[in-house]
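Report on one structure; see the data block that follows.
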Amino acid sequence: MKEPCSITAFFPCYNDAGTIASMVALMDLTLRKLTDDYEILVIDDGSSDHSQEILKECESRYERLKVIFHEKNKGYGGALKTGFYSATKEWIFYTDGDFQYDVSEISKLIPEVKDDIDIVNGYKISRSDPFHRKIIGRTYHLIMKLMFGFKLKDVDCDFRLIRRSVFDKIKLEYNSGIICVEMIKKIQDAGFHFAEVPVHHFFRSYGKSQFFNVKRIYHVGKDILKLWWKLVIKKEGVDGHG
């Protein structure tokens with residue numbers, strides 16, 4: 001078992017004023033116990049609440065924290081891309097800024113890091129969401145698995161530890177929420193190796209989901225079909241080509 005010697009942990013943040021400071025504090029506390037070589041990034045994607053003020057205060061308190069502000073909202077995928085391509089350490093961990101995952105459970109991912117593993121993917125032990133969201137989530141996962149040939153237990157679990165060198169091989173393009181489908185499909189097709197670890201999922205304590213509304217689901221559906229055509233039918237995307 002080989003533990004990663006250097007870790008970038010980052011969070012996309014959009015109107016997460018009620019949770020982001022606690023996440024930064026817990027992440028810093030956790031990483032200090034795991035490694036001497038780490039950094040924490042927060043990508044604020046044009047928040048309109050008090051997130052930016054809170055993050056500036058956090059940045060003055062935590063020397064390992066760097067905050068990147070998007071002047072305009074680029075979307076979830078845009079925030080993730082900024083995080084992935086701004087990371088400087090050997091391994092990149094990310095999860096969402098709404099605190100539906102316990103960031104200290106990164107300690108569960110690290111033991112799965114080995115020479116032949118490129119991404120350690122969390123999967124939800126139990127989804128802590130309203131019933132209708134659980135149904136939508138399960139349906140979405142099943143459809144994605146059938147369309148893209150995913151082998152993962154939970155492609156929709158944004159609690160991941162990834163070798164930074166993976167992003168030398170794949171190029172991410174989408175700025176919407178389907179970036180996770182794009183990313184996992186491209187990583188899988190490029191021949192990288194996965195490990196999976198169960199993690200806890202909690203009820204959202206602050207704010208609301210940016211995904212679950214009719215207009216957004218409609219646009220996501222259109223993007224998914226375009227992505228399926230490009231990556232599955234035309235087989236583009238590996239090595240950044242296409």
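Here is a check on your reading of the model: is Ile20 touching a Cys at 6+ places or on another chain (Cβ under 8 Å) and closer than 30 Å to Asp223 by Cβ? In short, yes.
Cβ-Cβ contacts under 9 Å between residues 6 or more apart (or on different chains), taken from a first residue in the range 98-118 that is on the phi > 0 side of the Ramachandran plot to a second residue that is in a loop (DSSP other than H, G, I, E, B) and of a type in the set (Phe, Trp, Tyr), are listed as Phe99/Phe202; Phe99/Tyr206.
Looking only at residues in the range 180-222 that are in contact with a Phe, Trp or Tyr (Cβ under 9 Å, 6 or more places away or on another chain), modelled with pLDDT under 90 and in a helix (DSSP H, G or I), the one that is farthest from Thr82 (Cα to Cα) is Ile217.
Here is the figure for the range 223-242: residues that are at pLDDT below 65 and buried (at least 16 other Cβ atoms within 10 Å of the Cβ) total 2. The C-beta contact set for the range 221-234 (first residue within 11 Å of Ile178 (Cα to Cα), second residue polar (S, T, N, Q) and not in a helix (DSSP H, G or I), distance under 7 angstrom, 6+ apart or interchain) comprises Asp223/Ser176. Look at Phe148 and say whether it is buried (at least 19 other Cβ atoms within 10 Å of the Cβ), over 13 Å from the mean Cα position of the chain (by Cα) and either of a type outside the set (Gly, Ala, Ser) or at positive phi (or both). Yes, satisfied.
The values are calculated or read from the model by the stated rules, or taken from the named source; none is laboratory data. The shown structure was predicted, so the numbers you read here are calculated from the model rather than taken from an experiment. Here the Cβ is made from the backbone with ideal geometry for all residues, glycine too, and neighbour counts use every protein chain on show.
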